[in-house]
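To start, the structure under review is shown below, and the notes come after it.
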Amino acid sequence: MTSDPRRLLPSADPVSLIDPQGRSADSPSYAVPDDATLLRALGSLITARRLNDQAYALVRQGRLAVYPSSHGQEACQVAAAQVLAADDWLFPTYRDTVAAVGKGVDPVEALSLLKGDWHCGYDPYEHRVAPHATPLATQLPHAVGVAHAARMRGEPTVVMAMCGDGGTSEGDFHEALNFAAVFRAPVVFFVQNNEYAISVPLARQSAAPSLAHKGIGYGIAGERVDGNDMAALLAVLGAAVARARAGEGPQLIEAHTYRMQAHTNADDATRYRDDAEVAAWVRRDPITRLETHLRDRGLLTDEVHARFTAEAERVATHLRDGLNQDVTPDPDDLFAYVYASPTPQLREQAALVADELSREGAH
Amino acid sequence: MTVLASPVPKTEVRTLSMAQALNQALRDAMAADPAVVLFGEDVGALGGVFRITDGLTAEFGEARCFDTPLAESGIVGMAVGMAMNGMRPVVEMQFDAFAYPAFEQIVSHVAKMRNRTRGRVALPMVIRVPYAGGIGGVEHHCDSSEAYYAHTPGLHVVAPATPADAYALLREAISAPDPVVFLEPKKLYWSKQEVQLPVREPGIGTAVVRREGTDATLIAYGPSVPVALEAAEIAAREGRSLQVVDLRSIVPFDDETVCAAVRSTGRAVVVAEAAGFASVSSEIVARVTERCFTALAAPIRRVTGFDIPYPPPKLEHFQLPGVDRVLDAVDDLQWEQ
Ligand SMILES: Cc1ncc(C[n+]2csc(CCOP(=O)(O)OP(=O)(O)O)c2C)c(N)n1
Ligand SMILES: [Mg+2]
């Protein structure tokens with residue numbers, strides 16, 4: 001048991017290094033990342049936004065069933081992936097496609113789930129990105145297990161486990177944090193508090209002073225960060241990853257951000273929030289903020305910006321082309337992966353489908 | 001699936017209870033493969049409330065056999081992550097009804113991970129569940145929960161009825177490439193048998209004929225197998241020859257052995273402790289009827305638990321399928337006079 005719980009408390013206000021007007025200042029505990037890092041981050045943010053908006057458009061064109069966009073949350077998405085090493089693991093939710101792409105997953109493969117071709121379209125081991133988790137918070141205990149196994153073998157792996165503000169109410173959030181703390185598992189729990197769980201506002205999820213304060217109950221240090229401030233996210237998440245890697249156990253980071261669009265394109269957000277609220281958050285947009293900062297300091301030229309936009313366009317084209325390709329799913333796949341080798345019953349059922357298909361072909 | 005070659009060097013005959021056989025299987029599996037890790041509630045110093053993990057922390061160290069916080073979803077969820085990352089976790093649910101907090105992990109992740117990832121992420125893990133009644137346990141300690149797991153594609157579901165099978169099936173479950181829900185009939189933990197180590201038994205997915213017979217077939221698994229055998233013994237004294245099939249594995253289900261047995265007698269009774277409605281026993285009747293209808297001389301009968309919450313200890317004998325009910329059901333199989 002820890003003697004002084006105060007060391008676990010998050011800062012009173014979310015850590016911020018670049019304010020909405022683009023002005024920067026070091027905080028007492030975190031320094032603004034160097035210029036090259038910030039410039040590179042802007043490029044990633046522009047691509048991230050383009051990916052979100054392209055995926056959203058592909059829903060309207062009928063290429064994706066649905067898309068839970070992280071429009072407005074791109075700084076969280078980019079930072080979560082960028083602070084990890086290649087051998088670290090990322091556990092994304094349905095909203096964290098952009099983070100998965102940031103860790104190396106092909107965006108076309110990342111969206112296979114929503115295209116309807118197969119559930120998880122990528123190899124989780126290739127980039128160490130777990131399948132998108134849909135049942136809320138259920139991926140968090142897995143993250144603890146991956147981290148614990150790595151630690152048992154003396155590997156330096158850190159696991160970034162993501163969830164939303166609503167997800168923190170689930171039992172598995174509690175169980176995962178508690179297990180991670182007891183076993184000192186190197187997990188960074190990264191909560192994107194975007195104010196809503198579909199229609200339900202944060203006040204209905206928790207009466208805690210902040211979601212980061214929840215860490216204290218488990219003996220986990222919590223930290224709050226401005227989730228639309230790329231510089232602060234890189235600093236705070238980077239430090240959390242470093243502490244976890246150094247053997248200091250799990251970390252809990254809450255990013256204050258906002259879901260600028262509806263929960264998914266199938267949701268009507270006007271039923272539970274007004275335009276003025278959204279407009280206020282648009283003024284805190286993570287991309288304009290970093291852009292203003294870099295332009296004001298003469299670090300961002302039109303030429304570099306054009307290069308970033310072109311790269312974003314290239315990724316969007318790749319996504320469009322990939323998702324416009326019609327793959328005919330193979331009905332054999334229905335039975336192929338349930339077990340390492342199909343049971344006799346599944347073999348019978350596969351034969352039934354094959355027979356149906358051959359009779360269809362005969363007509 | 002194939003039967004494991006046990007690492008026990010020379011053959012040796014020992015009298016083992018089912019609890020000791022399970023303990024030996026865990027010990028041998030841990031010795032054979034450093035990726036095997038055990039965890040759960042009270043499995044460390046105490047050795048589990050049924051002592052199935054007795055001595056394993058002392059022998060293999062705290063890292064290989066350890067207590068967790070009290071949270072079943074966390075236990076199974078952590079096992080998923082460890083299995084994803086190169087380990088072979090074997091977790092203990094303290095009692096059948098206390099596995100329910102882990103149900104979402106089992107159904108949404110344990111069972112589906114391989115399929116969701118097109119076979120890229122396998123989950124070689126075992127969820128051990130001391131299960132079923134007959135030990136005078138109070139509520140929440142006696143559930144026959146097999147149907148929940150058997151109904152979930154992606155899980156293997158196994159229930160041994162003998163110490164030898166307990167050893168063999170657990171060794172195989174631990175080395176299997178897929179998750180196995182391993183149902184341990186509590187009331188048989190103390191049943192004893194001479195066991196030849198290393199144990200060689202048919203693999204998961206194979207039923208066996210425990211007793212030959214020609215007049216009717218009793219189909220049972222787990223805690224009901226000894227009941228069926230006892231009924232067959234009594235019936236034999238009364239001049240009726242009953243065959244007894246022990247399923248051993250509920251998923252995969254051995255249609256071949258079960259149907260061959262029923263065809264050989266033309267009559268069958270299914271014996272199971274679980275409530276009968278929408279159960280493994282109903283599935284067996286349906287499967288056998290679909291496949292063996294013309295060979296049947298009478299409708300298949302079932303002797304199961306009633307469709308009630310498991311009763312308190314002083315009433316549990318009404319719930320358990322006993323020898324008398326089995327013999328009554330056999331009598332009802334439309335014998336020609
Ligand atoms: C266990 C579970 N219950 C309900 C849902 C349905 N659902 C999907 S997203 C969502 C809201 C989640 O909100 P939050 O955790 O804040 O994440 P966000 O969508 O805001 O990123 C709900 C209720 C689910 N996916 N899983
Ligand atoms: Mg939310």
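What follows is calculated from the coordinates using simple rules that are stated; it is not laboratory data. Computed from a predicted structure; not experimentally measured. Cβ placement follows ideal geometry from the backbone for every residue including glycine, while neighbour counts extend to all protein chains displayed.
Select from B:Pro160, B:Pro124, B:Pro299 the residue whose mean-square fluctuation is largest in a Gaussian network model of chain B (Cα-Cα springs shorter than 10 Å).
Looking only at B:Pro160, B:Pro124, B:Pro299, the biggest GNM fluctuation is shown by B:Pro299.
For Cα pairs less than 8 Å apart in space and 6+ apart in sequence, what is the mean separation divided by the residue count of chain B, i.e. the relative contact order in percent?
Result for chain B is 17 percent.
I want to check the label-to-label distance for A:Ala12 and A:Arg347. Put each point 7 Å from Cα in the C-beta direction and report it in nm to one decimal.
7.1 nm
Would you work out if the range A:5-327 is rounded, prolate or oblate? Take a ≥ b ≥ c from the square roots of the eigenvalues of the alpha-carbon gyration tensor; rounded if a/c is under 1.5, else prolate when a/b is larger than b/c, oblate otherwise.
Rounded is the answer for the range A:5-327, as its axis ratio a/c remains below 1.5.
Using alpha-carbon positions, what is the distance between the centroids of the range B:18-48 and the range B:88-113, in Å?
17 Å
Semi-axes of the equivalent ellipsoid for chain B, please: Cα gyration tensor eigenvalues, times 5, square-rooted, ordered largest first, whole Å.
One finds semi-axes of 33, 20, 20 Å for chain B.
Would you mind checking which residues have amide H under 5 Å from B:Thr217's amide H? H placed 1.01 Å from N; only 5 or more apart, or other chain.
The answer is B:Gln243, B:Arg267, B:Ala268, B:Val269.
Considering only DSSP beta bridges with both partners in chain B, what is the antiparallel share in %, to the nearest 5?
That works out to approximately 25 percent antiparallel.
Among rounded, prolate and oblate, which fits the range A:322-363 when a ≥ b ≥ c are the square roots of the eigenvalues of its C-alpha gyration tensor, a/c under 1.5 means rounded, and a/b larger than b/c means prolate?
Because a/c hits 1.5 or more and a/b fails to exceed b/c, the range A:322-363 counts as oblate.
Name the long-range amide H neighbours of B:Asp143: under 5 Å, sequence gap of 5 or more, or other chain; modelled H, no Pro or chain starts.
Here B:Asp96, B:Ala97, B:Ala132 satisfy the definition.
How well do other chains shield peptide A:124-131, expressed as the mean number of their Cβ atoms within 10 Å of each residue Cβ?
Taking all residues of A:124-131 together, the mean is 3.
Going by the alpha-carbon gyration tensor, a ≥ b ≥ c the square roots of its eigenvalues, is the range B:245-337 rounded (a/c under 1.5) or, if a/c is not under 1.5, prolate (a/b greater than b/c) versus oblate?
oblate
Sort largest first and round to whole Å: the equivalent ellipsoid semi-axes of the range A:184-247, each the square root of five times a Cα gyration tensor eigenvalue.
The equivalent ellipsoid of the range A:184-247 has semi-axes of 23, 16, 9 Å.
Checking the cross-link filter: which aspartates and glutamates have an alpha carbon closer than 15 Å to that of B:Lys186, excluding same-chain neighbours under 8 positions apart?
Counting by Cα, and skipping residues close in sequence, B:Lys186 has these aspartates and glutamates nearby: B:Glu92, B:Asp96, B:Glu139, B:Asp143, B:Glu146, B:Asp165, B:Glu273, B:Glu316.
Please state the relative contact order of the range B:49-134 as a whole percent: Cα pairs under 8 Å, 6+ residues apart?
33 percent
What residues have an amide H closer than 5 Å to that of B:Glu184, excluding those fewer than 5 places away on the same chain, when H is modeled at 1.01 Å from N in the peptide plane?
Here B:Val129, B:Tyr131 satisfy the definition.
For peptide B:68-75, compute the average count of partner chain beta-carbon atoms within 10 Å of each residue's beta-carbon.
That average works out to 6.
Per residue of A:162-172, count partner chain C-beta atoms within 10 Å of its C-beta, then hand back the mean as an integer.
Per residue, the number of nearby Cβ atoms from other chains is 1 on average.
Which percentage, to the nearest 5, of the DSSP beta bridges contained in the protein assembly as shown is antiparallel?
20 percent
For every helix of n ≥ 4 consecutive DSSP H residues, a contribution of -39,500 (n - 2.57) applies; sum these over chain B, divide by its total residues, and give [θ] at 222 nm rounded to the nearest 500 deg cm²/dmol.
My calculation for chain B gives -9000 deg cm²/dmol from helical runs alone.
For the range A:135-243, state which trypsin sites (Lys or Arg not before Pro) are in a DSSP loop and have at most 16 other beta carbons lying within 10 Å of their beta carbon.
A:Arg153, A:Arg184
Determine ³J(HN,Hα), in whole Hz, for all residues of the range A:208-223 in sequence, where each value follows from phi through the Karplus function 6.51 cos²θ - 1.76 cosθ + 1.60 and θ = phi - 60°; x replaces Gly and Pro.
My calculation for the range A:208-223 gives 5, x, 7, 5, 5, 5, 4, x, 4, x, 9, x, 10, 5, x, 9 Hz in order.
Given DSSP loops and a limit of at most 15 other Cβ atoms within 10 Å, what is the longest stretch of chain B that contains no such chymotrypsin sites (Phe, Trp or Tyr not before Pro)?
By the stated rule (loop sites, at most 15 other Cβ atoms within 10 Å), B:1-189.
Rounded to the nearest 5, what is the percent of antiparallel bridges among the DSSP beta bridges in chain A?
In chain A, DSSP labels about 10 percent of beta bridges as antiparallel.
What number, in percent, do you get for the relative contact order of the range A:5-327 if the mean sequence gap of Cα pairs under 8 Å and at least 6 apart is divided by its residue count?
28 percent
Tell me which aspartates and glutamates have Cα within less than 13 Å of B:Lys112's Cα, excluding those fewer than 8 residues away on the same chain?
Partners within reach: B:Glu104, B:Asp178.
Two-decimal Rg/Rh of the protein assembly as shown from alpha-carbon positions, Kirkwood Rh?
Rg divided by Rh gives 1.04.
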